[in-house]
1. For region 364-383, does any single residue satisfy the condition of being of a type in the set (S, T, N, Q) and closer than 17 Å to residue 335 by Cα?
2. Quickly run through region 225-242 and pick out the residues that are over 23 Å from residue 192 (Cβ atoms) and over 8 Å from the mean Cα position of the chain (by Cα).
3. Within the bounds of region 399-409, is there any residue that is assigned to a helix (DSSP H, G or I), touching a residue at least 60 places away in the same chain (Cβ under 8 Å), in contact with a helix residue (DSSP H, G or I) (Cβ under 7 Å, 6 or more places away or on another chain) and not hydroxyl-bearing (Ser, Thr, Tyr)?
4. State whether one or more residues within region 124-141 are free of Cβ contacts under 8 Å to residues at least 60 places away in the same chain, farther than 28 Å from residue 201 by Cα and not polar (S, T, N, Q).
5. Go through (1) charged (D, E, K, R); (2) buried (at least 18 other Cβ atoms within 10 Å of the Cβ); (3) farther than 23 Å from residue 327 by Cβ for residue 396 and report which single condition fails.
6. I'd like the residue in region 303-336 that is without any contact (Cβ under 8 Å) to a residue 60 or more places away in the chain and surrounded by fewer than 22 Cβ atoms within 10 Å (Cβ to Cβ) and, out of all such residues, is farthest from residue 88 (Cα to Cα).
7. Residue 236 - would you say it is among the aromatic types (Phe, Trp, Tyr), touching a Leu at 6+ places or on another chain (Cβ under 8 Å) and assigned to a loop (DSSP other than H, G, I, E, B)?
8. Yes or no: region 241-259 includes at least one residue that is farther than 28 Å from residue 145 by Cβ, modelled with pLDDT of 95 or more, crowded, with 24+ Cβ neighbours inside 10 Å and touching a helix residue (DSSP H, G or I) at 6+ places or on another chain (Cβ under 8 Å).
Amino acid sequence: MDKRSFLKNAGLMGLAAPLSFAHLKRAVAAAEHLAPADLAGDEDFWLKVRGDYDIKPDYINLENGYYCFMPRQTMDHLVEHMRNINYEGSYYMRTVQFENKNRVAEKVAEIVGCITQEVAITRNTTESLDLIIGGLDWQAGDEAVMAEQDYGAMLNHFKLIERRFGTVNRLVSVPNHPSNDQEIVDLYAAAITDKTRLLMVCHMVNITGQVLPVRKIVDMAHARGVEVMVDGAHAFSHITFQMQDLDCDYYGTSLHKWLSAPLGSGMLYVKKEKIDSVWPLFAERDLEPNDIRRLNHIGTHPVHTDLAILNAIEYQNTIGLDRKAARLQYLQHYWTSKLRDQPGIIINTPVELSRHGGIGNVGVEGIAPGGLADALMNDYGIFTAAIDRPGVRGVRVTPNVYTTTAELDALVRAIKQLSV
């Protein structure tokens, strides 16, 4: 094996192969006969998965939406990548760095069935989507459509564009419990005018967990000549989908959320034919037309993080995304079903299985979201995220694959006691 091949393989997998996935593969093989929906409630299986995580015992962590921390295997590989790259230094950076990054993009693209040339590895969803918001050739009077429940960082960038270029932002308000998909589609359609340039929509609303009918919204917008950018921060590696199913023009996500990759890893998808229409944030050398690398020139950065994305993908593939998605949905339905229709308790997430994954939001009448989060943490040792946004007042509950039903039972008991 020549030096270049050695560097490529060592950088991708780690010199010492810190921890194998053998036990996880055995557990999955033993459950192979079970459909994902049937395995979702098998606590013995998921306790084996839980064993791969170093879990802080001080509290029950139900706030994985900000960052789904890594299983031990991925963490150990990350450390080994750091050691390898520190050992090789500039030699690695000047030889196989970009070749390896392209292989990471290839594996990320495989998850959603798009081509590598449409994927850039970024640092988070905010960076990914702000590259598009800030990179379009806006003219005074151009309009953008978005929801007031969208993530604040993107809303803030749209406000910046409005101040800088004289554009107009049109906001809709997404209901927590829509009667059907058409209600959502009509909501966005009513905000579009002949000046609308871009529509932003969440794949999964970060504050409630509601899954929106993205393809129907995209088809409606495209029929009226409007591009669509999707905030997929909480959908990627959480629910199963293919990019062709959405047909959106732009898609951004954070890999350190539901893929459980290292902090500071994200993805930007741009339809191949759209790449040249976006101005890069930082200038890149001249490249071939529609080369996505022109949008992702960020200079020297921690490339070990990129490499560990591969290990996170290997872990997810070992479990199976379909099994993971079914488990997350099962966990959400498990606790929300025990609290829905209870006096004084408000569930801000739709009940239909097709409209949610693992994220849920619950409020208690008479208790402000911050007070509810504080009470859960201080009195019951349960960590959640307070959400006080238009139409959504409660705490966001985001379990992960290591979460047990016993932990969710503790949440249910706490909410019931606080609602009395």
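1. Checked region 364-383: no residue is of a type in the set (S, T, N, Q) and closer than 17 Å to residue 335 by Cα.
2. 239, 240, 241, 242
3. Checked against the condition, which is being assigned to a helix (DSSP H, G or I), touching a residue at least 60 places away in the same chain (Cβ under 8 Å), in contact with a helix residue (DSSP H, G or I) (Cβ under 7 Å, 6 or more places away or on another chain) and not hydroxyl-bearing (Ser, Thr, Tyr), region 399-409 yields at least one hit.
4. Taking every residue of region 124-141 in turn, none turns out to be free of Cβ contacts under 8 Å to residues at least 60 places away in the same chain, farther than 28 Å from residue 201 by Cα and not polar (S, T, N, Q).
5. Failing condition for residue 396: (3).
6. The qualifying residue farthest from residue 88 (Cα to Cα) is 333.
7. The answer is yes for residue 236.
8. yes
The values are calculated or read from the model by the stated rules, or taken from the named source; none is laboratory data. Values in this document were obtained by computation on a predicted structure and should not be read as measured data. Reconstructed Cβ throughout: ideal geometry from the backbone, glycine too, with neighbour counts over all protein chains shown.
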